[in-house]
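Enquirer: Take a look at this one; I'll ask things after.
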Amino acid sequence: MFEQTKALCRHFLDMGIPGFDLIVYKDGECVLRYMGGYADTENKIPIRGKEKYHIYSCSKLITCAAAMQLWEKGIFSLEDNLSDYLPAFAEMTVKTEDGVRKAKNPIKIQDLFQMTSGMGYSMHTPQLEEYYSIPGNNCPTVETVNMFAKNPLEFEPGEGWKYSFAHDVLGALVEVLSGEKFENYVKAHIFDPLGMEHSTFLHPLEDWEGFAKQYRYNSETGQFLPAWRFWCHLGKEFAGGGGGCISTVEDYIKFLEALRVGDVILKKETIYLMATNRLTEQQRAMYNKTSHSGGYGLGMRTPYHDPAQTDFGWGGAAGAYASVDPVNNVSFYYSQHVLNSPNRHLRKWLYKTIRADLLDEKVNVPLKTIDDNPKLTY
């Protein structure tokens, strides 16, 4: 069973991916655990299924779930101004053809979830680099995020779509609203209840025990070179809601199953709201230009008028890919550890092969597709 899915994963190895780990659940039961390759190619250490990974933007699903827990309690409204809770974002500027001017629209909290805030993803502007370089600065989460407010917006809040560090800001918002450190809140309200013992948003980066080695693919040379640096790390006190989580395959599938079932860490109605497209046609056009199909809801890709695609989820910069299909009672999580990986464009086909294998259907995967879209960075 799952021969097409396994063949696709083996193709990833043929493309040079050092190693992978895939887990699939159907109706609450594990129906496939498939792994291959190496956790460390230089030392020939095979993937064993217990490895830790930087999951990068798959962190965003967890951060949005944490924030929506607070929303369920009535602590904030999606229509609230961000500056009501993070005053540093009260006086924003925006880039225009005539230069930088004061923004007309306030950033709403829903804009953080939806990537419609106008923020960019540059965490290394001259102002921020100056902040990071302050002696003894460990980059506390809220203080660091407040510095992001110094960056001009790319467009008026609510008038476009752009992938950004908005979910890092959302993590800081969780910290302010809950009165707990963001990493502690997530541990107490998501990780511990779900038994995610090997997941954290604040990992000591000198401790690499148990990690799959991270690589970076060089498209010019075709080489996979070790890349130990965790590029979402800004300081040892910065818990990045947008990309800072470290987890394992067995941990993360517990989170996805909680979203599939509902009424575990979030109400079913809340998950449905998150997984419903919220973008205007103008915003969705900008979203689709970045190689993303379907819609986008509260921090995740969503179905959009396609009966053959009923899942929601997201991906991560080193190759992680999360999918929850409540219609077919399926969830899966795929992990690898390669930045700029050559199979980024093929990860979405895992959903198609898994669905086809479950239905005993055939699907033609364009294995020879060339990844010609460097904008796809998650």
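Enquirer: Would you point out the residue of region 82-119, among those that are out of contact with any Leu (no Cβ under 8 Å at 6 or more places or on another chain) and under 16 Å from residue 148 (Cβ atoms), that is surrounded by the most Cβ atoms within 10 Å (Cβ to Cβ)?
Expert: Taking the candidates together, the pick is 115.
Enquirer: Tally time: how many residues in region 326-378 are β-branched (Val, Ile, Thr), surrounded by fewer than 16 Cβ atoms within 10 Å (Cβ to Cβ) and modelled with pLDDT of 95 or more?
Expert: Of the residues in that region, 1 qualify.
Enquirer: Let me ask you something else. Which of the residues that make up region 97-107 are in contact with a helix residue (DSSP H, G or I) (Cβ under 7 Å, 6 or more places away or on another chain) and within 16 Å of residue 164 (Cβ to Cβ)?
Expert: 107
Enquirer: Right, next: Taking residue 174 as meeting all but one of (1) part of a loop (DSSP other than H, G, I, E, B); (2) closer than 12 Å to residue 241 by Cβ; (3) not polar (S, T, N, Q), write down the number of the exception.
Expert: (1)
Enquirer: It is to be established whether one or more residues within region 257-266 are open to solvent by 20 Å² or more (accessible area, probe 1.4 Å), small (Gly, Ala, Ser), over 19 Å from residue 167 (Cα atoms) and in a loop (DSSP other than H, G, I, E, B).
Expert: no
Enquirer: Right, here's the next one. Answer yes or no as to whether residue 17 is open to solvent by less than 20 Å² (accessible area, probe 1.4 Å), touching a residue at least 24 places away in the same chain (Cβ under 8 Å), under 20 Å from residue 264 (Cβ atoms) and not small (Gly, Ala, Ser).
Expert: Criteria not met by residue 17.
Enquirer: Looking at (1) hydroxyl-bearing (Ser, Thr, Tyr); (2) modelled with pLDDT of 95 or more; (3) farther than 25 Å from residue 339 by Cβ, find the lone condition where residue 96 falls short.
Expert: In the conditions (1) hydroxyl-bearing (Ser, Thr, Tyr); (2) modelled with pLDDT of 95 or more; (3) farther than 25 Å from residue 339 by Cβ, residue 96 misses (2) alone.
Enquirer: Count, please, the residues in region 14-55 that happen to be part of a strand (DSSP E or B), of a type outside the set (Gly, Ala, Ser) and within 25 Å of residue 232 (Cα to Cα).
Expert: Residues flagged as part of a strand (DSSP E or B), of a type outside the set (Gly, Ala, Ser) and within 25 Å of residue 232 (Cα to Cα) within region 14-55 amount to 8.
Enquirer: Mind listing just one residue for me: the one in region 40-60 that is crowded, with 24+ Cβ neighbours inside 10 Å and of a type outside the set (Ser, Thr, Tyr) and, of those, farthest from residue 267 (Cα to Cα)? First the steps, then the outcome.
Expert: Of the residues in region 40-60, the ones crowded, with 24+ Cβ neighbours inside 10 Å are 53-56, 58-60.
Right, trim to of a type outside the set (Ser, Thr, Tyr) and you get 54-55, 58, 60.
Working: 54: 28, 55: 25, 58: 20, 60: 18 Å.
My answer is 54.
The rows are residues; the columns are (1) under 20 Å from residue 341 (Cβ atoms); (2) out of contact with any His (no Cβ under 8 Å at 6 or more places or on another chain); (3) in a loop (DSSP other than H, G, I, E, B).
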site	(1), (2), (3)
191	no, yes, no
197	no, yes, yes
203	no, yes, yes
209	no, yes, yes
220	yes, yes, yes
228	yes, yes, yes
237	no, yes, yes
241	no, no, yes
244	yes, no, yes
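Enquirer: From the list 278, 284, 301, pick out the single residue that is basic (Lys, Arg) and within 17 Å of the chain's Cα centre (by Cα).
Expert: Going through 278, 284, 301 in turn, just one is basic (Lys, Arg) and within 17 Å of the chain's Cα centre (by Cα): 301.
Enquirer: Next question. May I ask you to verify whether residue 79 is surrounded by 15 or more Cβ atoms within 10 Å (Cβ to Cβ), modelled with pLDDT of 95 or more, touching a strand residue (DSSP E or B) at 6+ places or on another chain (Cβ under 9 Å) and acidic (Asp, Glu)?
Expert: So residue 79 fails the test.
Enquirer: Just one of the numbered conditions (1) over 20 Å from the mean Cα position of the chain (by Cα); (2) buried (at least 22 other Cβ atoms within 10 Å of the Cβ); (3) under 19 Å from residue 63 (Cβ atoms) is not true of residue 177; which one?
Expert: Residue 177 satisfies all of (1) over 20 Å from the mean Cα position of the chain (by Cα); (2) buried (at least 22 other Cβ atoms within 10 Å of the Cβ); (3) under 19 Å from residue 63 (Cβ atoms) except (2).
The values are calculated or read from the model by the stated rules, or taken from the named source; none is laboratory data. Please read these numbers as outputs of a predicted model, since none were measured by experiment. Don't worry about glycine lacking a Cβ; one is built from the backbone with ideal geometry, like all the others, and counts go over all protein chains shown. Protein only, heavy atoms only, side chains kept; ligands, DNA and RNA dropped before computing areas. Shrake-Rupley method; radii C 1.70, N 1.55, O 1.52, S 1.80 Å.
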